Amino acid sequence: MFRRILLVLLGILLLLVVLAAGFGLYTVRRSFPRTDGEIRLSSLDGAVDIYRDSYGIPHIYATTAHDLFFANGYVHAQDRFWQMDFWRHISAGRLSEMFGESQLETDQFLRTLGWARIAEQEFAAMDAAEQAILQAYADGVNAYLAEHQGSALSLEYAILKLLTPEYQSEPWLPEHTLAWAKVMAWDLGESQMSAEIELARLLEFLSPEQVDEIIPPYPDDHPVILPGFQISAHSPAGEENPNLPPELAPLFGDLAGMIENVSGLLATQAGGVRDGIGSNNWVIAGGRTASGMPLLANDMHLGVQMPAIWYEIGLYCTPKSADCPYQVTGYSFAGVPGVVVGHNDRVAWGFTNVGPDVADLYIERINPENPDQYEVNGQWVDMEIRLETIQVAGGDPVELVVRNTRHGPLISGLYGALEDLDQESELDLENEYAVAMRWTALQPTQIIKAILGYNRAQNWDEFRQATSYFTVPSQNTVYADVEGNIGYQTPGWIPIRNPDHTGRLPVPGWTDEYEWQGYIPFEELPHTFNPPEGYVATANNAVVSADYPYPISYYWAQGYRALRIVEMIENSPGPISVEYIQQMHGDNKNLNAVDLVPILLQVPLDNIELENARALLRDWDYQDQMDSAPAALFNVFWKQLLALTFHDDLPEDFWPGGGGRWFDVVGNLSQEPDNPWWDDKSTPEVEDRDQIFARAFAATVAELETTQGKDPEKWNWGDLHTITFRNPSLGESGVAPIEAIFNRGPFRTSGGDEIVNATGWDAAESYEVDSMPSERMIVDLQNFSNSLSIITTGQSGHAYHPHYIDMADPW
């Protein structure tokens, strides 16, 4: 009897397991899109053919522009709707509707910026043809939504249903597409504003001379993209910065924390631009190539996420005509029609971030008797007041008052009267202060006109016309065409400031002294066509020399990637081929190690075990390969060296994460062995460079012996330097079983910070990759079929789909 009962219980348990597995499999697979056969939709003008290759990349053929972009929206929704939905809630400041009160502070900040309102203005100002394309795209998305909701759209909605049962996906609107561009603009431009805040805060506890040592200028011996570019004479920018009253410095501590929180979220969506993150592109004329025609290469370095940031797609009019002029393939954003980077039947293009200073922080003096007024040239002026209502899942709506000044929205709370601070200040301590942000992206732009213009461009003139609309974010844009031409253009709204205002520090907003004087005219922005060098290479390095009359940026990437790219182009062993560019993309040479290893090799260690470990570095080729023991040794040493040198001098918020700026800082200090930065303030003695190098190396060997064993020959960089692709919403939930559903990794990687193979990591955190080449593209203008491209993870946004992670290993 007992045995029979046991068998029955086991049978029931087995049935429950089978049913649970079957339900789980059904739930997982329910959202997989149909990608074969025929689908009938009444909204189309005619038949549309969609072919998907072995990686799931769709190539769409249509007879009208309406049908082409309708299908564009449909396939984006098929593969990536959760990503689209999440992104639009970010750009509109509506994350609390999905995830509740935990996202309220982020929503409040994003609503203050008002991206959704600006997107509405942009759509209203568009010409009818562009509106029609955005509407066709939205209709395609909505056609898919009409037949798919909840977990039929994506597995994430099954999980979200448990957290927010009332959530329902709403129709896609053209404005949702436009608002996403603001997220990208923030992510690629926020570093300049963060640098402004950082400088203001550093001046609280460091002298200007010390600040100059840890924020060095661009190195004189590193490449400039267009060193000879000149225009008609103008007065150069001034070198002096305004004085920031020390009483106002505390404003920026709170503001920095808020900016960091928001930027941390946006970085997982659009890239993240901390020090050391950037992108590479280069275009090589036929005189240097094996085919005799141009080759164009691009790899944009953005934040790590799952699914990939980019979505590959091909869009083809059949036939191509004036009414339907598209024959284009490349990388798109899910949620945006057209191809952002790629090539059409005549031209190819690629981007890296210019990083101009397009935002200023203004300290506004607030009327203590009326917080809705601020001072302008001695007069109290009314702010523009807007009331926002934020819906919060599981809670009551929250009202938000947004206050706008002539410079933009107030992005800090009122600091309050300054009675507890320096009573000898020249400031009127009875006033209150707040920080307003002026930023080029807080006004309507025409980014869709630029993207569609690229997709249609047939020559350099048409391409430049499209580029003139690419105002925010400003990109180093390289170009090649089937006639054999190459070119480069800096676009963007880049402010002209008065000569005494460099934009490096927050400035008083109550006077006209620091107002912008307009933007650099497009024709005076740096550009070149068929340069005599036979190539253009960019890696977020300085665009122009110091004698260019307009200031573009103070904070360039320091030029290490650019230096190596130029070296490989100019010293190629023969005519450059697609295969050679693949080698360039994968180059792992660590120029920081080239500078520091010779010093380390001369430092007395007085320990045979340490000396044996150091011997690994003597014949190293400086390549940060996955399986390299010297690469592991040097990178752990770099992390330890930064900690021992700077953690005692700087608050934790300012601990160096690595990257080109710190390459220069340490490289410069290394030429001064007795510089005070080397002294460890936690000890009674005064240390010099060699002592700190020796201590860092001893700590390095101890760490590697603990993590990778006693045998130095078995140490390797790849086991330390891994990448895990995480879903930025539920994959960051903190609930391990849910994270395991959506995240993939870790994968071993090579490369590192400011290396051409730019798998960035933060030395203040860990060796884990936090930014990477989000795509790699090589376009062969002699034969487009020889071109190569790849993204990080896969086309699909559906966990467990065959195309969810199938590109990671070849990437």
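The values are calculated or read from the model by the stated rules, or taken from the named source; none is laboratory data. Quick caveat, the model's predicted, so the values are computed rather than measured. All Cβ positions, even for glycine, are placed from backbone atoms using ideal geometry, and neighbour counts span all protein chains on display. To get the accessible areas, we keep the full protein, side chains included, count just its heavy atoms, and leave off ligands, DNA and RNA. Shrake-Rupley method; radii C 1.70, N 1.55, O 1.52, S 1.80 Å.
Here are the numbers for the structure shown:
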| quantity | calculated |
| --- | --- |
| Rounded if a/c under 1.5, otherwise prolate or oblate - segment 99-144, Cα gyration tensor axes | oblate |
| Chain lengthening between residue 404 and residue 611 when straightened (0.36 nm per residue, less Cα-Cα) | 68.3 nm |
| Cα centroid separation, segment 559-579 to segment 121-200 (Å) | 39 Å |
| Order of exposure, largest accessible area first, which applies to 710, 161, 182, 639 with probe 1.4 Å | 710, 161, 639, 182 |
| Heavy atoms of residue 438 accessible to a 1.4 Å probe, total area in Å² rounded to 10 | 60 Å² |
| Solvent-accessible area of residue 231 with every protein chain in place, 1.4 Å probe, in Å² to the nearest 10 | 40 Å² |
| Apportionment of accessible area to carbon and sulfur, the chain, percent (1.4 Å) | 51 percent |
| For segment 740-811: rounded, prolate or oblate by the Cα gyration tensor [a/c cutoff 1.5] | oblate |
| Kyte-Doolittle at least -1.0, axis length at least 24 Å by Cα - qualifying DSSP helices, the chain | 2-30, 65-91, 128-145, 174-202, 250-270, 629-646, 689-708 |
| Solvent-accessible ranking of 577, 774, 42, 54, largest area first, probe 1.4 Å | 42, 54, 577, 774 |
| Heavy-atom SASA rank of 566, 211 (probe 1.4 Å, accessible area, largest first) | 566, 211 |
| Over the chain: helical MRE at 222 nm, DSSP H runs n ≥ 4 each giving -39500 (n - 2.57), nearest 500 | -11000 deg cm²/dmol |
| For segment 31-188, alpha-carbon Rg relative to the globular expectation (2.2 N^0.38 Å, N residues) | 1.10 |
| Eligible lysines near residue 182 by straight Cα distance, threshold 27 Å, same-chain separation 8 or greater | 449 |
| Heavy-atom surface of segment 643-718, accessible at 1.4 Å and reported per residue (Å²) | 44 Å² |
| Cα gyration tensor shape of the chain, rounded if a/c is under 1.5, else prolate or oblate by comparing a/b with b/c | rounded |
| Accessible-area value, residue 306, 1.4 Å probe, nucleic acids and ligands omitted, Å² | 0 Å² |
| Solvent-accessible area per residue, Å², over segment 98-143 with all protein chains present [probe radius 1.4 Å] | 38 Å² |
| Using a Förster distance of 30 Å, the FRET efficiency for residue 674-residue 204 (Cβ separation, nearest 0.05) | 0.70 |
| Rounded FRET efficiency, nearest 0.05, which uses the C-beta distance separating residue 783 from residue 582 and R0 of 25 Å | 0.95 |
| Centroid-to-centroid separation of segment 513-547 and segment 678-755 [C-alpha atoms, Å] | 38 Å |
